[in-house]
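A quick write-up on the structure given underneath.
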Amino acid sequence: MSELEVKSRRLGKDSVNGVYRYDPGSGYWVMLKETGAALVPSERYAVVYFDNTLCPVCRRYDFQWYPFVEGNTDNLKGFGLYIVLCDWFTQQCASATAAMTFIEYQVRASPTTMLMLTDGGKVIYTERYEGLLTERDLQNIVLSFPDRAERAARGEKVSRPLTEEEVMEELGKALAARKGGGS
C-alpha cells in the first residue's frame, strides 16, 4: 500500500539513490517520493547538495556539510535543505528524480552546492559552488543568501561570496602580479 520511507541520519557510499530533504524535527534526511521530474524546492530559499556515492571528494565534503546543517538548524529555519544522490551522475543513477535534477541544473561536478530562490514553483535565482566547501564557507555563503537573493530578484546586481579557496587564489594572483610588476 504505502511505500517504505527511506531515511538516514547521514547519507554516504551505501545510501539509496534519490532526492532527500532534511527534517530538522527528527534530524533525518528523508527521501522524497520518486516522481521522475527534477526537484523544484517548495521553500523560498533552498540549499541543494549534489552528491555521488562514488565520489571521494563528496565523502570529504560530508565532514563539512553535516556539521554545518546539524549545528545551524535555528539559523536555517525557512530554508529547504536537500541532497540529490546518485552513484555517478546520470550514468549510474537508480533514481529518475535524482537523475533529472542533475540534468535540469546542469550539474557535472561533484560535490556541487546550489543555493536557490524560488517563487511560485519556479527557480528564479541560483548560486553554484563546485567542489569542496569548508564549514566556514557554508556559514558565510548560505546564511547571507536570502539578502543577496532578494536583491537579485529586485533586479539589483549581486555577486556571490568567494570561497576560502577562491580568496587564496585571488591573493596568489595579486601577489604574483605585484612581484612580476616590481622586477
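If you take the residues of the stretch 41-78 that are assigned to a strand (DSSP E or B) and under 17 Å from LEU117 (Cα atoms), which of them is most open to solvent (accessible area, probe 1.4 Å)?
The qualifying residue most open to solvent (accessible area, probe 1.4 Å) is TYR45.
Taking the condition of being more than 25 Å from GLY71 (Cα to Cα) and either among the charged types (D, E, K, R) or surrounded by 20 or more Cβ atoms within 10 Å (Cβ to Cβ) (or both), how many residues in the stretch 18-35 meet it?
Counting residues in the stretch 18-35 that are more than 25 Å from GLY71 (Cα to Cα) and either among the charged types (D, E, K, R) or surrounded by 20 or more Cβ atoms within 10 Å (Cβ to Cβ) (or both) gives 2.
In this structure, is LEU81 closer than 21 Å to GLY36 by Cα, of a type outside the set (D, E, K, R) and open to solvent by less than 20 Å² (accessible area, probe 1.4 Å)?
Judged against the criteria, LEU81 is a match.
Kindly provide the set of residues from the stretch 90-126 that are touching a helix residue (DSSP H, G or I) at 6+ places or on another chain (Cβ under 7 Å) and either part of a strand (DSSP E or B) or closer than 9 Å to PHE50 by Cα (or both), ordered by number.
Selection gives THR90, SER110, PRO111, LEU115, LEU117, ILE124, TYR125.
If you take the residues of the stretch 127-157 that are of a type outside the set (Lys, Arg) and part of a loop (DSSP other than H, G, I, E, B), which of them is surrounded by the most Cβ atoms within 10 Å (Cβ to Cβ)?
Per the stated criteria, the residue is LEU133.
Just one of (1) assigned to a helix (DSSP H, G or I); (2) open to solvent by 10 Å² or more (accessible area, probe 1.4 Å) trips up ALA38, so point out which.
That leaves (1) as the condition not met.
The values are calculated or read from the model by the stated rules, or taken from the named source; none is laboratory data. Everything numeric here is computed off the predicted structure, so don't read it as measured data. With ideal geometry, Cβ positions are generated from the backbone for all residues, glycine too; neighbour counts draw on all protein chains shown. Just so you know, the surface numbers come from the protein's heavy atoms only, side chains and all, with ligands and any DNA or RNA stripped out. Shrake-Rupley method; radii C 1.70, N 1.55, O 1.52, S 1.80 Å.
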